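Reviewing the structure listed below.
What follows is calculated from the coordinates using simple rules that are stated; it is not laboratory data. This is a predicted model, so every value here is computed, not measured. Virtual Cβ from ideal backbone geometry, glycine too; neighbours counted across all protein chains shown.
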Amino acid sequence: MKIYLSPISMLATLDASVSGDTITVNGITHSLLGLVELVENELLLPDFIVAATDDSVTLLLPYWGEASEAVRFPVPIIDPPDGPLALPS
């Protein structure tokens, strides 16, 4: 799984973890296949999820105030191990 991050200035927090082909975003678990079906049927994606393909997902990365370079230009997270995602701050 590849996870891309899209920085956005907003008052919110993102807590994400992965387990196999599922991703949990702020306490709600989504299968990658289920997200792809939403995209293919042009349905709304869940909060913080911008896009999904069969092997990737793009998440909003909220920040407030002055963002670090790691937040402004996040690198993709490729094949993360199961567990919480280490998000840039």
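Could you work out the relative contact order of region 14-58? I mean the mean sequence separation of Cα pairs under 8 Å and 6+ apart, divided by the number of residues, in percent. For region 14-58, the relative contact order is 26 percent. Sorting 18, 50, 57 by the number of Cβ atoms found within 10 Å of their own Cβ, with the fewest placed first, yields 50, 18, 57. A cut-off under 14 angstrom between Cβ atoms defines the neighbours of residue 56, and their net charge, with Lys, Arg +1 and Asp, Glu -1, is -3.
Counting other Cβ atoms within 10 Å as a rough exposure proxy, the listed residues 23, 28, 49 run 28, 49, 23 from fewest neighbours to most.
Placing R0 at 22 angstrom, the Cβ-Cβ distance between residue 9 and residue 37 gives a FRET efficiency of 0.10 after rounding to 0.05. Counted by Cβ distance under 11 Å from residue 25, the other residues give a net charge of -2, where Lys and Arg count +1 and Asp and Glu count -1. The calculated 222 nm mean residue ellipticity attributable to helices in the chain amounts to -3500 deg cm²/dmol, summing -39500 (n - 2.57) over DSSP H runs of n ≥ 4 and dividing by all residues. Go ahead and collect, in residue order, the members of region 58-89 whose backbone nitrogen is under 17 Å from a label point 7 Å along the Cα-Cβ direction of residue 47. Once the point is set 7 Å along Cα→Cβ of residue 47, 59-64 turn out to lie under 17 Å by backbone N, inside region 58-89.
Average projection, convex hull of the Cα set of the chain: 5.3 square nanometres.
Rounded to the nearest 5, the antiparallel percentage of DSSP beta bridges internal to the chain is 65%.
At most 16 other C-beta atoms within 10 Å and a DSSP loop state: those are the exposed GluC sites (Glu not before Pro) I care about. Give me the longest piece of the chain that has none.
1-41
This ranking places 85, 44 by how few other beta-carbon atoms lie within 10 Å of each, fewest first, which gives 44, 85.
A full extension of the chain between residue 66 and residue 79 corresponds to an added length of 1.8 nm, given 0.36 nm per residue minus the alpha carbon distance.
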